[in-house]
1. I'm spelling it out carefully: the read-out is mean projected area of the Cα convex hull in nm², the candidates are (i) 19.0; (ii) 26.1; (iii) 22.7, and one was derived from this structure. Which label?
2. Given +1 on the Cβ of Lys and Arg, -1 on the Cβ of Asp and Glu, and no further charges, what dipole in debye does the chain carry about its Cα centre, rounded to the nearest 20?
3. Most exposed first by the Cβ proxy, i.e. fewest other Cβ within 10 Å, how do 263, 302 rank?
4. Take the alpha carbon gyration tensor of the range 161-226, find the square roots of its eigenvalues, order them as a ≥ b ≥ c, and report rounded if a/c is under 1.5; if not, report prolate when a/b exceeds b/c, else oblate.
5. Could you work out [θ]222 nm for the chain from helices alone, using -39500 (n - 2.57) per DSSP H run of at least four and dividing by all its residues? Round to the nearest 500 deg cm²/dmol.
6. Give the Debye-formula value of log10 I(q)/I(0) at each listed q (0.12 Å⁻¹), with one equal scatterer per alpha carbon of the range 76-217, two decimals each.
7. Kindly give Rg over Rh for the range 291-368, based on alpha-carbon atoms, with the Kirkwood expression for the hydrodynamic radius.
8. Identify which of 56, 334, 405 has the largest mean-square fluctuation in a Gaussian network model of the chain, with springs joining Cα atoms closer than 10 Å.
Amino acid sequence: MLYSAFEFGYAAMTPARLAAGFGAKFWRSSANPMADTWVARASAAALDVFEHATRRYPKPEWEITETMIGGRQVPVTIETAIDKPFCRLLHFRRDEKARRAARGGSAQDPAVLIVAPLSGHHATLLRGTVEAMLPGHDVYITDWKNARNVPLSEGRFDLNDYVDYLIGFLQEIGPRAHAVAVCQPGPALLAAAALMAEESDPCRPASITIMGSPIDARRSPTVPNLLAQERKFEWFERNMIYTTPAPYTGVMRRVYPGFVQLYSFLSMNHDRHLNAHYDYFNHLVEGDGDNADKHRKFYDEYLSVLDLTEEFYLQTIREVFQEFSLAEGNFLHRGRRVRPEAITDIALMTVEGENDDISGIGQTQAAHDLCVNIPSEMKFDYIQPGVGHYGVFNGSRWRNEIQPRLAKFIREHDRAEPAFAEAAE
């Protein structure tokens, strides 16, 4: 019922939203003799804020067409390497001729799989992550699909399928790739790496980097962690899962709606978001187009959300946030225990933000305690001062402090390894 009520509410607001859009244009029109007055600017700004806050936000575009290498522009083409029912593997293919010319040689750059979170937002939230990695890496990313648009005929998608997708993507990219998990997919990537290591899979990654992720959510628990621990599993079943209504392609699929997740995000920092919209109003009144554009660009991305399948969401709640299965050594993948101790030749880097209010300090570091057989020289832990969750993978601190360390780590562990070479033969 909630999903249908949400859709009805959106439809009911449509006339008011359209009227607000026309009203804002009227007050700003050069034909309006009052256009330059404070009353006109304030009226237009208020209507603009209302229209922007009540519109539907489609999936954003990547808007990545080039990258800079050695001071030269190198064209980038986004290609679909694999198209699965619930995810596309995207490849940001750089023009090889231009890349070689810019690099001054033909040496290949390390291939990197960025595992985007499946937690409500689209993978485009990691646009800044991709842009920073592109100059020195051959970048792939998981582009998760909106569950409400996946027909029931495509079947279920749970945490086991998620792990299988990651293994399949790494096998598609090939030997010696590196993998970077941003936030939520940390446990799944660690599980995939452990399973591939135990099988001596030649396509197991050369390194994995886990950033701001709940490997062990018991450490420095945050508000979301405490909520998941305080509520019984049945509460999430009853209150967080709804049926996709028509006319969506996935009609009748049971999902955790993206708008519910978005409300949770907004309520955690409601003062910050209210102040941001108040500042947006003032920027519009003052004619500060640059800051107004920054606000719109951020919220066009932030307010665009996707739905998760019921089985994936509930299994994640149980395994990651209530039973801590991976940290306790009890995580099963299709009935088989996942053994992080099986990893011996995959380098491990963890990154945390000092002010992260989603994954507290120590939750990501826990990966090092689980991977006891990785040599110490192949492990690296880094805590970035002065950043929260978002700053771990986006913004100036990411570009100037975190990404250079990540690039250095990848380069150090990208050399040819006999174990990999033998397995590939």
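1. Computed from the coordinates, mean projected area of the Cα convex hull in nm² corresponds to (iii).
2. 780 debye
3. Ranked by crowding around the Cβ, least crowded first: 263, 302.
4. Prolate, because a/c is 1.5 or more and a/b exceeds b/c.
5. For the chain, the value works out to -12500 deg cm²/dmol.
6. For the range 76-217, the Cα-only Debye profile gives -0.49.
7. Checking Rg against Rh, the ratio lands at 1.09.
8. 334
Readers should treat all values here as calculations from the given coordinates under stated rules, not as data from a laboratory. Here the structure is a predicted model, which is why all the values come from computation and not from measurement. Cβ: placed from backbone, ideal geometry, glycine included. Neighbour counts: every protein chain shown.
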